[in-house]
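Data first, discussion second: the structure below is written as structure tokens.
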Amino acid sequence: MNSKIEKSSAHSDKASANDLDTDICVSGGGVVGGLAALLSAQARPDLSITVLDASPAGQQDPRTLALARTTILTLQRAGVDTTRLVAKTAEIQHIHVSERGGAGSTTLHAATYDLPSLGKVVSAQVLQEAILAACQQHPNISWRSETSLQSVAYETDKVNLRTQGKQAAHISTKLLVAADGGRSMIRQQLKIARREEDYGQTALIANLTLDRDHMGWAYERFTEHGPIALLPCGARQMALVWCVPSDSAERYRELQDADFLAALQSEFGFRAGRFSAVSGRASYPLYLLLAERAVFHRTLLIGNACHTLHPIAGQGYNLGVRDCVDFARLIGEQASADGEVAHRALLEYERQRQSDYKRIAGLTDGLVRVFSNQHAPLVAARNLGLLALRKHSLLSYPLARAAMGYRNLLGER
Ligand SMILES: Cc1cc2nc3c(=O)[nH]c(=O)nc-3n(C[C@H](O)[C@H](O)[C@H](O)COP(=O)(O)OP(=O)(O)OC[C@H]3O[C@@H](n4cnc5c(N)ncnc54)[C@H](O)[C@@H]3O)c2cc1C
């Protein structure tokens, strides 16, 4: 058993070696749950924090994430070694936004906003490993990988958890944090109502090799079938997010690499150069999910468990990071010496977070719908809009913020 876990005290006379009391239990050790544990451990080193993760440590996540500057700064503050996350070649200096078959296009440049970059591109896998490594340095965090939460039972003063897997235990905690992803078992068990909409699109992701360097350009191209994003991530390497109608996703998945590249080149064109090789192909069905409550009794929902977004504007993780920051502030300011947080403080956290969710989900959902619609006047309006953006760089300022996941380009949280 993990030595850190043994420090937690048994909670009753009947306690066995497999019983554990912890102040905070985070269920889900993904990029959001791990960061929530790190930031709250920093805010309150006197509290015990247990992370449960169903996956083996270092499990493959083939996604590539575009991160806002504020997200990188938060990771650094949390003690995550960001130097190994982002190569210079993975910084976005310019963004090109266009529509296939449309007249409008626009470009955004970091220099216009006097910024070192418009965003940074990281491998979700490397990020996950760096967060885990930082958690393992913290004496008050216990990490249980390959251990999944099975059920939750509430008492007035605690939550009892049944777990299964490598380091299974009966756990009781004062606060449960649900960071267990879009299909959250906790949200489902609590029957928390949600808004859920299937976009009918699937994201095909892959790593592309090009015949020329990307020079720090990222591309977002809207097509009649769905958006295509290319992110710079290494010399002559770009990460692809290609959203296709779900009913044709299987056909694309079955294509040989050469045919996949030819189909992509035909949809995207040659603006970024010629695609010469592809690797790491995977796919994700896309849907919007917004939980109606982020707080239930002694439980908080964060990250994808609370809000799952279309990746069109690269907002999902950035929003989850803000959950972690606000959660850590709640713990730092409101948890008593024995780790109790008043219910009204949890409700105040929820009230503040909900306005961020509504704004970002509204923006992301609006972008998907506007650019998925082939209604002729709307197509014309989009083209005019993109041309206007090109003429008036000030107008593109909010788009740059939205596209790269900033809450505020000037650096406020
Ligand atoms: C194609 C694509 C591209 C994206 N691009 C971007 C981008 O550029 N920028 C951006 O900001 N966001 C992006 N996102 C969104 C981003 O990937 C998510 O917001 C982020 O991964 C959510 O992390 P999470 O930790 O909340 O959930 P997850 O990553 O789903 O992690 C959930 C964790 O919970 C664990 N778990 C599940 N059930 C249990 C259980 N019962 N017990 C214990 N553990 C459990 C799982 O093992 C997993 O480790 C993208 C998403 C997609 C699909």
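For segment 113-120, 3J(HN,Hα) computed residue by residue from phi via the Karplus equation (6.51, -1.76, 1.60; θ = phi - 60°) reads 9, 6, 10, x, 7, 8, x, 10 Hz, glycine and proline entered as x.
Quick one: of LYS166/LYS358; LYS120/LYS358; LYS120/LYS158; LYS120/LYS166, which pairs are farther than 31 Å apart, Cα to Cα?
Details: LYS166/LYS358 38 Å; LYS120/LYS358 25 Å; LYS120/LYS158 40 Å; LYS120/LYS166 35 Å.
Violating the 31 Å Cα-Cα cut-off are LYS166/LYS358; LYS120/LYS158; LYS120/LYS166.
In the context of the full set of protein chains, residues of segment 134-252 present 42 Å² of accessible surface per residue (probe radius 1.4 Å, heavy atoms only).
Starting from the residue with the highest accessible area, list HIS225, HIS214 in decreasing order, probe 1.4 Å. If you can, show how the numbers build up before the last one.
Values: HIS225 80, HIS214 15 Å².
Order by accessible area, largest first: HIS225, HIS214.
Solvent-accessible area assigned to carbon and sulfur over segment 112-242 amounts to 48 percent, based on a 1.4 Å probe.
Phi angles across segment 208-224 convert, under the Karplus curve 6.51 cos²θ - 1.76 cosθ + 1.60 with θ = phi - 60°, into 3J(HN,Hα) values of 10, 9, 10, 7, 8, 6, 7, 6, x, 8, 10, 10, 10, 10, 8, 10, 5 Hz, Gly and Pro given as x. Taking θ as phi - 60° and the Karplus parameters 6.51, -1.76 and 1.60, the scalar couplings of segment 152-168 work out to 10, 10, 9, 10, 4, 9, 6, 10, 9, 10, 9, 10, 9, x, 4, 10, 5 Hz in sequence order, x denoting glycine and proline. Find the centroid of the Cα atoms in segment 171-226 and in segment 340-359, then give the distance between the two in whole Å. Cα centroid of segment 171-226 versus Cα centroid of segment 340-359: 23 Å apart. Around the amide H of GLN201, modelled in the peptide plane, lie the amide H atoms of SER246, LEU286, all under 5 Å away and 5 or more residues distant in sequence or on another chain. LEU367 sits with roughly 40 Å² accessible to a 1.4 Å probe, with DNA, RNA and ligands left out of the calculation.
Tell me, what is the per residue accessible area of segment 303-360 in Å², probe radius 1.4 Å? Working shown, then result.
Values: 2120 Å² over 58 residues.
Accessible surface, normalised per residue, equals 37 Å².
Taking amide H as placed 1.01 Å from N in the peptide plane, GLY119 has its amide H under 5 Å from the amide H of ILE92, each at least 5 places away in sequence or on another chain.
Spin-label model, ARG77/GLU254: points 7 Å from Cα along the beta carbon direction are separated by 5.0 nm.
Across all directions, the average projected area of the convex hull around the alpha carbons of segment 107-182 is 9.0 nm².
Given the alpha-carbon gyration tensor of segment 27-136, what are the semi-axes of its equivalent ellipsoid in whole angstrom, ordered largest first, with each equal to the square root of 5 times an eigenvalue?
On the way: eigenvalues 211, 54, 27 Å².
Calculated on Cα positions only, the semi-axes equal 32, 16, 12 Å.
Computed over the Cα atoms of segment 140-245, what is the ratio Rg over Rh, Rh following Kirkwood? Please report the intermediate quantities before stating the final value.
Working: Rg = 21.2 Å, Rh = 18.0 Å.
With Rh from the inverse mean 1/r over Cα pairs, Rg/Rh is 1.18.
Taking only the alpha carbons of segment 230-327, we obtain Rg and Dmax values of 17.6, 54 Å in that order. Determine Rg/Rh for segment 84-213; Rg is computed over alpha-carbon atoms and Rh is the Kirkwood hydrodynamic estimate from the same atoms. With Rh from the inverse mean 1/r over Cα pairs, Rg/Rh is 1.10.
The values are calculated or read from the model by the stated rules, or taken from the named source; none is laboratory data. Bear in mind the structure is a predicted one, so any value in this text is a computation, not a measurement. Glycine gets a Cβ as well: all are built from the backbone with ideal geometry, and neighbour counts include every protein chain shown. Side chains included, ligands, DNA and RNA excluded: accessible areas come from the protein's heavy atoms. Shrake-Rupley method; radii C 1.70, N 1.55, O 1.52, S 1.80 Å.
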